[in-house]
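Engineer: Pasting a structure below so you can have a look.
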Amino acid sequence: MAALGSDYTDCSILIYDETGNHLGSTTVTDYNKSALRIEVREIPASLDVGDCCTLMIMSAPSPCEYQGRVVKEGAKRTIALHHGHEKENRGAERFRINSPATIENLICNGKPYRLHTPLAVTIINISRSGVRLCAPFYSMSIGDWIQMSMTINEDKKLLIVEVMNYRDRDNQISEYGCRFLIASERVASRSG
């Protein structure tokens, strides 16, 4: 179960059906920790009471994934959370997102570089532990740390990841597999 001490109120959230189709993106408007229920600004119209869904809550320092079910409480519909995760193994599910993002800063070989012109990339998919993104051919190397931002429902989210692997699609585009950096790793890198 994910760390339930977190307050997910005001976090952006991506909602998927049971087969991994992206149904919509919205914002958590209320989180009832004791009842394990969240309210969101808008539940996708394709979800009815009793339907199951997968939720990617964009909490800091990295997203949390939950399985949920739409329930009715009085006059409103909420989502009951169960089967939550913060950490993932290699077999964990990745969710397609195809979202634009902008890389603003790189740390290469331990040295920070602020890009004069932000680099536009596309996040192909997202999981509990990282993202896969498309970027111009050979723009990053394994071990580079990246600070990038993406927008979900007009909410700008800052993501900090490390490049773990890459593959070239052609001589213009590469795909990069990146893992989210947790807060303790970021602090250790600054003090070391």
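We did not get these values from a lab; they are worked out from the coordinates using the rules stated. What you see is a predicted model, and the numbers here were worked out from it, not measured in a lab. Glycine gets a Cβ as well: all are built from the backbone with ideal geometry, and neighbour counts include every protein chain shown.
Engineer: For segment 12-85, compute the orientation-averaged projected area of the C-alpha convex hull (one quarter of its surface), in nm².
Structural biologist: Value for segment 12-85: 4.7 nm².
Engineer: Right, here's the next one. Taking the highest mean first, how do the peptides 129-137, 16-24, 49-57 order by number of other beta carbon atoms within 10 angstrom per residue?
Structural biologist: In descending order of packing, they fall as 129-137, 49-57, 16-24.
Engineer: With a Cα-only, solvent-free Debye model of the chain, what are the log10 I(q)/I(0) values at q = 0.08, 0.11, 0.19 Å⁻¹?
Structural biologist: -0.28, -0.52, -1.31
Engineer: Treat the count of other C-beta atoms within 10 Å as a stand-in for reagent exposure and order Glu154, Glu73 from fewest to most.
Structural biologist: Listing Glu154, Glu73 from fewest to most nearby Cβ atoms yields Glu154, Glu73.
Engineer: Follow-up. Under Stokes-Einstein, with the Kirkwood radius over Cα pairs standing in for Rh, what whole-number D in µm²/s applies to segment 95-191 at 37 °C and 0.692 mPa s?
Structural biologist: Value of D from the Cα-based Kirkwood radius: 242 µm²/s.
Engineer: Considering only Ser99, Ile146, Ala135, whose Cα is most displaced toward the positive end of the charge dipole of the chain, charges sitting on Cβ of Lys, Arg (+1) and Asp, Glu (-1)?
Structural biologist: The one lying farthest along the dipole's positive direction is Ile146.
Engineer: Work out from phi, with θ = phi - 60° and the Karplus expression 6.51 cos²θ - 1.76 cosθ + 1.60, the ³J(HN,Hα) of each residue of segment 61-68, listed in order in whole Hz, and give x for Gly and Pro.
Structural biologist: Each residue's phi maps through the Karplus curve to give x, 8, x, 10, 10, 10, 8, x Hz.
Engineer: A further question on this structure: Would you calculate, for the chain, the mean residue ellipticity at 222 nm contributed by helices, counting each DSSP H stretch of 4 or more residues as -39,500 (n - 2.57) and dividing by all residues, to the nearest 500?
Structural biologist: Taken over the chain, the calculation gives -1500 deg cm²/dmol.
Engineer: Counting only DSSP beta bridges with both residues in the chain, what percent are antiparallel, rounded to the nearest 5?
Structural biologist: 100 percent
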